[in-house]
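The block underneath contains the structure these notes are about, expressed in structure tokens.
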Amino acid sequence: MKTMMHSSPEVFPRRILLAVCGLSPQILTETLYALAIAGEPKFTPTEIHLLTTREGAHRARLTLLHPDTGKFHQLRRDYSLPECSFDAESIHVVMDRDGNELDDIRTPQENERLADHITQVVRQFTVDPEAALHVSIAGGRKTMGYYAGYALSLFGRQQDRLSHVLVTPDYEGNPDFFYPTPQSQIIYTRDKRPLDTTQAEVVLAEIPFIRLREDIPGRLLNGQAGFSETIDFARRANETPVLGIDRAARELTVNGIAVPLQPSLFAFYLWVVTRSVLNEKPLPKPEADRNSRYEYAAEFQGFYEDVVGDWRDTEKTDEAMKDGMKPRFFEEKISRINGTLDSELGGRLARSFRIYNRGKRGSSDYGIDLNPSQIHIV
């Protein structure tokens, strides 16, 4: 769809504002004002989510969502903003492993839970291709902002954004200030100096971030892995590529990560690696040359029988090879292996281990992008 190909957040049908917050719920209305009123182009959320602690949630419910005095409702009325989904169910409280809401984030265990919670929330919102996610790290402890920013770096797409809000110093942190109002309202500083809320300035500071989504395997993008496991996969993409092949265990490992392959795919990959890299023999696609088709079939069957270890399990492959290895068989095996590598490893880490055409224009020569010193076969 058109919106899926576009990177401008404001054109997406689902526009999500996610803010981390401690004991100052006004960061949400300040951010909303900066995005939907003062911003250009304007980003008007269709839904808002707040991630906070137990006390932060209590304050947000009373100051933002109270039916009579809630500042979120007042902001919408003051500036005639359209309907936006934000209620008590949109306030997410970080919990410990026993399901108890946390009052603060202090211990290593609490920080781990915070990181995993933020990771899950950001992952969930970035699954939808029709959604644009804006993450505000203006509130809460520094670790909350760090984890939110890092989670968006891991999962963020071109349409997603990260920001902080800057507020005029006299108004910043004032418990009575929530956003610049269109009509004059007087609030007071701690030393009883009066301030007019119409005179406040709230500026959105967008924060550039590196998008590492390609480094994350598909199963983690759509699964339930925690922050540490996701970070570990992203880190391994920066390591020197090392391929391990255990023939007896039928196990393939990439930078220490096991990649499950069916026996026929494992044998095919082992054959390609052995022939094209270790033995340095060309491996063009088996097309019109019947000799190469029978040569490929004989080589592959030898690897397959060695991997399977039981002749009864080779009958299906023997049947497929009776007229030699056909181009369709060759292409289908490469496609399935590369798809598995991408899903298990993420695009960036998988790149060095995919089977691809290394030949010059007009010719084919298939193999992987490693040298023999990077391959360990036992």
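The values are calculated or read from the model by the stated rules, or taken from the named source; none is laboratory data. Nothing here was measured: the structure is a model prediction, and the numbers come from that model. Positions of Cβ are generated from backbone atoms using ideal geometry, with glycine treated the same way; all protein chains shown enter the neighbour counts.
For the range 86-96, indicate whether the set of residues that are under 14 Å from residue 32 (Cβ atoms), in the same structural domain as residue 29 (by TED's automatic domain parsing) and not in a loop (DSSP other than H, G, I, E, B) is non-empty. Yes, the range 86-96 contains a residue that is under 14 Å from residue 32 (Cβ atoms), in the same structural domain as residue 29 (by TED's automatic domain parsing) and not in a loop (DSSP other than H, G, I, E, B). Of the residues contained in the range 53-75, one or more are found to be modelled with pLDDT under 95, in the same structural domain as residue 117 (by TED's automatic domain parsing) and under 26 Å from the mean Cα position of the chain (by Cα). The condition of being touching a strand residue (DSSP E or B) at 6+ places or on another chain (Cβ under 8 Å), closer than 23 Å to residue 295 by Cα and in contact (Cβ under 8 Å) with a residue 24 or more places away in the chain holds for only one of 323, 365, that being 365. As for the range 127-140, it holds no residue that is without any contact (Cβ under 8 Å) to a residue 24 or more places away in the chain, surrounded by fewer than 17 Cβ atoms within 10 Å (Cβ to Cβ) and not basic (Lys, Arg).
Tell me the strands (runs of 3 or more DSSP E) entirely within the range 222-266 that contain at least 1 residues that are in contact with a Phe, Trp or Tyr (Cβ under 7 Å, 6 or more places away or on another chain) and either within 13 Å of residue 345 (Cβ to Cβ) or modelled with pLDDT of 90 or more (or both). So the answer is 243-246, 251-254.
When you scan the range 50-63, do you find a residue that is in contact (Cβ under 8 Å) with a residue 24 or more places away in the chain and within 15 Å of residue 159 (Cβ to Cβ), even just one? No, the range 50-63 contains no residue that is in contact (Cβ under 8 Å) with a residue 24 or more places away in the chain and within 15 Å of residue 159 (Cβ to Cβ).
What number of residues within the range 280-308 satisfy the criterion of being touching a residue at least 24 places away in the same chain (Cβ under 8 Å) and either more than 15 Å from residue 324 (Cβ to Cβ) or not assigned by TED's automatic domain parsing to the domain that holds residue 331 (or both)? Selection size over the range 280-308: 5. The set of residues in the range 328-349 being touching a helix residue (DSSP H, G or I) at 6+ places or on another chain (Cβ under 7 Å) and either without any contact (Cβ under 8 Å) to a residue 24 or more places away in the chain or in a loop (DSSP other than H, G, I, E, B) (or both) consists of 329, 346.
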